[in-house]
Amino acid sequence: MAPVSTSDRLAFQTLRSTCLFAQADGEGEGEEQPNGEESSSAATDILNSPAFLKRKLEVLQSDIAKVEADTEEARSQLEAGKAEWGPQLDALQTEYENIQQRFNSQSNKGDSMAIVQVSREMLKVLDNYDRAFGVVESSSDAEAEIEAKYRATWDVIMKALTDLGVEEVNTVGIEFDYEIHQAVMQKPSDEYEEGIVCEELQKGFKLEDTLIRAAMVVVAA
């Protein structure tokens, strides 16, 4: 079916208006104007006539065809845009994800370094406690109570380190590892073979794969 032209639409609208209001304006000289009921009835008959309804259907079909054509054109433009800009959008999305990963990695690394620095300072305090525990002996109940309070504080600090993810370095009974152990001396051992850590002098600590402090050890000779 050929598309309905603008002139056809105007003619259709003019025909409808003429049918509805012809009697009011007067179409024939000397003719009597019909009353309101007759005019309304005539207009209804015209609007329901096969010719009018056929013309109305043609207009609707033309409108639908135009909408479908516009939709198809928009779809074609969308597909063309995807073909042109799709790879670039994918590249931008990939770059954004890489930036997010680098940011998260740097953030986690920064957090880990902060934990390492804080842990090293806390370990200095624990070392002082350990030295005091090694030389001070309680000679009264009052002194024993004080020592118990200091040991409770030591436990609190150790728990805080554990909560931060800090772990002790394994020592006695494993092979000496220069990356996590600091050998202070070697001595013969009846219990351990040569190269095995036989004694721990000072605890070492690490945070995942980051060494906070090497353990001071004695290695079997």
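The values are calculated or read from the model by the stated rules, or taken from the named source; none is laboratory data. This structure is a prediction, so every number in the text was calculated from the model and none was measured. In this analysis, Cβ positions are derived from the backbone assuming ideal geometry, glycine residues included, and neighbour counts consider all displayed protein chains. When the accessible area is computed, the model is the full protein with side chains, heavy atoms only, and any ligands, DNA or RNA have been set aside. Shrake-Rupley method; radii C 1.70, N 1.55, O 1.52, S 1.80 Å.
Scan around Tyr192 for amide H atoms under 5 Å from its own, H built in the peptide plane at 1.01 Å from N, and keep only partners 5 or more places away or cross-chain.
none
Quick one: accessible surface of Tyr192, probe radius 1.4 Å, all protein chains present, in square angstrom to the nearest 10.
Here the residue's solvent-accessible area equals roughly 60 Å².
Would you rank Ile174, Ile196, Ile146 by solvent-accessible area, highest first, keeping every protein chain in place and using a 1.4 Å probe?
Ile146, Ile174, Ile196
Let's test the formula: R0 of 22 Å, r as the Cβ-Cβ distance of Ile174 and Arg120. What FRET efficiency results, to the nearest 0.05?
So the FRET efficiency works out to roughly 0.40.
Go ahead and collect, in residue order, the members of the range 172-212 whose backbone nitrogen is under 15 Å from a label point 7 Å along the Cα-Cβ direction of Met113.
Label zone hits: 210-211.
What do you reckon, how do Arg213, Arg151 stack up by accessible area (1.4 Å probe), largest on top?
Of Arg213, Arg151, the descending order of accessible area is Arg151, Arg213.
What shape does the range 131-178 have by the C-alpha gyration tensor, where a ≥ b ≥ c are the square roots of the eigenvalues, rounded means a/c under 1.5, and otherwise prolate means a/b greater than b/c and oblate the rest?
oblate
Given H placed on each backbone N at 1.01 Å, which residues far from Gln202 in sequence or on other chains put an amide H within less than 5 Å of it?
Met216
At 7 Å along the Cα-to-beta-carbon direction for both Val67 and Ala221, put a label point, then send me their distance in nm to one decimal.
9.8
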